[in-house]
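Trainee: This is the structure I want to talk about, given as structure tokens.
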Amino acid sequence: MNPSRLHAHIGTVRQLEILLAVHQQGSITAAAEALHLTQPTVSMQLKKLASAVNARLYDQVGRKLVFTEAGLAVVATAREVLQSFERLDMTLSDLKGMKAGTLKLAVVTTAKYFIPHLLGEFCKLYPAIDIDFKVGNRQQIIDRLETGEDDLYVFSHPPDDHALQAHNFLPNPLVAIAPEHHPLAGEKRIPLQIFANEPFLMRENGSGTRHAIEQHMTGCEVALNVRMTIESNEAIKHAVISGLGVSILSSHTLTFGGRTGLAELDVQQLPITPTWYLVHLKSKSLSVVAQTFLDYVSDSGRDRLLATLNS
Ligand code: PGA
């Protein structure tokens with residue numbers, strides 16, 4: 001297709017950028033605000049884009065925008081086009097001898113305790129690299145992975161998928177915790193079944209920590225006495241401190257998030273020992289800044305982090 005006809009069919013890059021913002025923000029008002037444009041400008045550009053692709057892009061259902069199949073196809077292309085431009089920008093900076101651009105990281109909630117410790121030194125080494133840092137539970141990060149919005153993802157239980165490249169970089173011990181004056185605190189080699197009889201505070205559905213605990217307990221043929229489901233590591237720690245029950249959490253939530261008021265229990269068949277992975281899609285070529293971050297982690301970042309964890 002000749003370029004001017006292509007332009008007539010898919011609209012301008014600016015229109016694609018506006019469409020993507022509307023899709024991400026969920027409304028024209030929010031997209032206009034995010035892009036510092038007026039609402040009529042956004043609506044006008046979307047109208048032009050719809051006429052260029054000759055299809056309705058979305059329907060207004062009550063106060064919600066529902067994208068049509070054609071609209072979602074244009075969103076997917078818009079994402080690819082804009083990502084290619086971003087990558088080009090980074091490659092050009094790299095050719096000029098400067099590592100610059102945005103590193104888009106999406107990490108599971110438990111990884112938010114230690115990833116910032118990797119970023120501190122990295123940002124000092126590469127001051128022209130900006131970081132876009134998203135946090136969600138395992139399921140939310142899998143959903144982001146499917147749209148390919150970010151450069152790198154951090155999981156300890158990446159989905160079992162051949163389309164992914166996973167770089168193992170750190171152990172993630174999941175340890176048993178109880179309030180500091182709990183009768184089991186200080187006991188040696190507590191049988192798993194005794195621990196399992198205690199009221200247990202469990203992470204929510206979709207959490208990787210929960211996934212690991214459930215798999216492990218099934219393997220050990222032990223059923224936990226789950227009393228409460230709580231959506232955050234921090235809230236679980238506070239609930240344990242206040243005597244609501246015991247739990248199993250990543251030791252990183254204690255090392256970097258504090259352990260005051262908590263005892264780590266010595267339970268047989270624990271800790272569970274998954275591994276943290278930096279993950280990316282094989283189909284998406286890594287940007288210069290993403291590759292720079294991966295190199296930094298394997299060259300020195302990982303060792304620095306291990307030293308902090310062991311100190
Ligand atoms: P979570 O994930 O923070 O969703 O529990 C941790 C993991 O992937 O192990």
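The values are calculated or read from the model by the stated rules, or taken from the named source; none is laboratory data. All values reported here derive from a predicted model rather than from experimental measurement. Methodologically, a virtual Cβ is constructed for each residue, glycine included, from the backbone with ideal geometry; neighbour enumeration extends over all protein chains shown. For accessibility, only protein heavy atoms count, side chains too; no ligands or nucleic acids. Shrake-Rupley method; radii C 1.70, N 1.55, O 1.52, S 1.80 Å.
Trainee: Counting only C-alpha contacts under 8 Å and six or more residues apart, can you give the relative contact order of the chain as a whole percent?
Mentor: Normalised by residue count, the contact order of the chain is 21 percent.
Trainee: Once you have a ≥ b ≥ c as the square roots of the Cα gyration tensor eigenvalues for segment 3-76, tell me rounded if a/c is under 1.5, and otherwise prolate or oblate according to whether a/b is larger than b/c.
Mentor: Details: a/c = 1.97, a/b = 1.33, b/c = 1.49.
Judged from the Cα gyration tensor, segment 3-76 comes out oblate (a/c at least 1.5, b/c at or above a/b).
Trainee: Enter the accessible area per residue of segment 174-264 (Å², integer; probe 1.4 Å; all protein chains in place). Mind dumping the intermediate values first?
Mentor: Details: 4230 Å² over 91 residues.
Value returned for segment 174-264: 46 Å² of accessible area per residue.
Trainee: I need the shape label for segment 68-180. Rule: rounded when a/c is under 1.5, else prolate if a/b > b/c, else oblate, with a, b, c from the alpha carbon gyration tensor.
Mentor: Verdict is oblate for segment 68-180.
Trainee: Over segment 195-246, what portion of Cα pair distances is larger than 19 Å, expressed as a whole percent? Write down the numbers at each step before the final one.
Mentor: Details: 287 of 1326 pairs.
Considering segment 195-246, 22 percent of its Cα-Cα pairs are separated by more than 19 Å.
Trainee: Calculate for the chain the 222 nm mean residue ellipticity that helices alone would give, adding -39,500 (n - 2.57) per DSSP H run of length 4 or more and normalising by residue count, nearest 500 deg cm²/dmol.
Mentor: Calculated mean residue ellipticity at 222 nm is -14000 deg cm²/dmol.
Trainee: Let me ask something else. Which Rg and Dmax, in Å, describe the Cα atoms of segment 174-264?
Mentor: Expressed in Å, the Cα Rg and Dmax of segment 174-264 come to 12.1, 32.
Trainee: Got a number for the accessible area of Asp150? Probe 1.4 Å, square angstrom, nearest 10.
Mentor: Its heavy atoms expose roughly 10 Å² to the probe.
Trainee: Quick one, could you list the DSSP H helices from the chain stretching 27 Å or more along their long axis (Cα atoms) with average Kyte-Doolittle hydropathy of -1.0 or above?
Mentor: Taking the DSSP H segments of the chain (at least 27 Å long, mean hydropathy at least -1.0), we get 69-95.
Trainee: Over the chain, what number does the Rg to Rh ratio reach, with both radii from the alpha-carbon atoms and Rh per Kirkwood?
Mentor: Rg/Rh for the chain comes to 1.06.
Trainee: Quick one: which of Lys134/Lys284; Lys96/Lys284; Lys112/Lys188; Lys134/Lys237; Lys124/Lys282 span more than 25 angstrom between C-alpha atoms?
Mentor: Lys112/Lys188; Lys124/Lys282
Trainee: Add +1 for every Lys or Arg and -1 for every Asp or Glu among the other residues with Cβ under 9 Å from the Cβ of Thr292, and state the total.
Mentor: It works out to a net charge of -1.
Trainee: May I ask you to give the percent of accessible area on the chain that is carbon plus sulfur, with a probe radius of 1.4 Å?
Mentor: 52
Trainee: Could you check which residue among Ile177, Ile129, Ile18 shows the biggest mean-square fluctuation in a GNM of the chain with a 10 Å Cα cutoff?
Mentor: Ile18
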